[in-house]
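All remarks here apply to the structure that follows.
Read-outs: derived from the displayed coordinates by stated rules, not from any lab. From a predicted model like this one, the values you see are computed outputs, not experimental measurements. In this analysis, Cβ positions are derived from the backbone assuming ideal geometry, glycine residues included, and neighbour counts consider all displayed protein chains.
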Amino acid sequence: LPATMQVDQCWMKKYLPTVMLWAGSYDDIWNIPDEVLLLHAQLIFNAVYKDLNITIVHGGVIHSLTAQHISKWCSNFGSTGIVIILDFLTRNSNCDPVELAKSLIAGYAFLFEDPENPSPLTTYCSPFILQLLGTAHLNAINGYVEVPRLD
């Protein structure tokens, strides 16, 4: 990255958290088309680096590093989710881990606040999901910048 972009760690502390905030709201975080990423990365870049007149180009360093960080962020969701579930299964030594896992998967019970009484009102309120979001997403977006043009 150019030295002007590294001042005050703005890339890591503002630009990337804002990109992750945007990516988290995209319809399919696992498959963001390059043209969509380029457009939104440019909007974010312009809001974070107001004094720089740089155009992000396909395959350029800014585009490539942005895509790479989104990929790492997505990967972190999967590995963090696995660790959370494994930790839960090993802490419940009074239950067979395979049976416990099967019961949580049945009807997607692991998504609900109370797996034994699933309610649409508590979807995504399970301890698994809340811990995953708190660990993998909220940490990644800490320091984001408001970008009105993204709304």
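In vacuum, with every alpha carbon of the range 3-150 counted as one equal point scatterer, what does the Debye formula give for log10 I(q)/I(0) at q = 0.14, 0.16, 0.17, 0.20 Å⁻¹? Two decimals, please.
Debye output, listed in q order: -0.75, -0.88, -0.95, -1.17.
Suppose we flag GluC sites (Glu not before Pro) only when DSSP calls them loop and at most 12 other Cβ atoms lie within 10 Å. Which is the longest uninterrupted stretch of the chain?
Free of exposed loop sites, the longest segment is 1-115.
Relative contact order of the chain, please, whole-number percent, based on alpha carbon pairs below 8 angstrom and at least 6 residues apart. Don't skip to the end; give the middle numbers.
Details: 128 pairs, mean separation 52.9, N = 151.
After rounding, I find 35 percent.
Within the range 3-150, what is the number of lysine pairs with alpha carbons under 21 Å apart, leaving out pairs fewer than eight places apart on the same chain?
Value for the range 3-150: 4.
Which angle between 0 and 90 degrees, to the nearest 10, do you get for helix 61-91 versus the longest principal axis of the chain when only C-alpha atoms count?
20
How about the range 1-60: which chymotrypsin sites (Phe, Trp or Tyr not before Pro) there are in a DSSP loop, with at most 12 other Cβ atoms within 10 Å of their Cβ? Numbers along the way, then the final one.
Working: sites: TRP11, TYR15, TRP22, TYR26, TRP30, PHE45, TYR49; in loops: TYR26, TRP30, TYR49.
Here the sparse-neighbourhood loop sites are TRP30.
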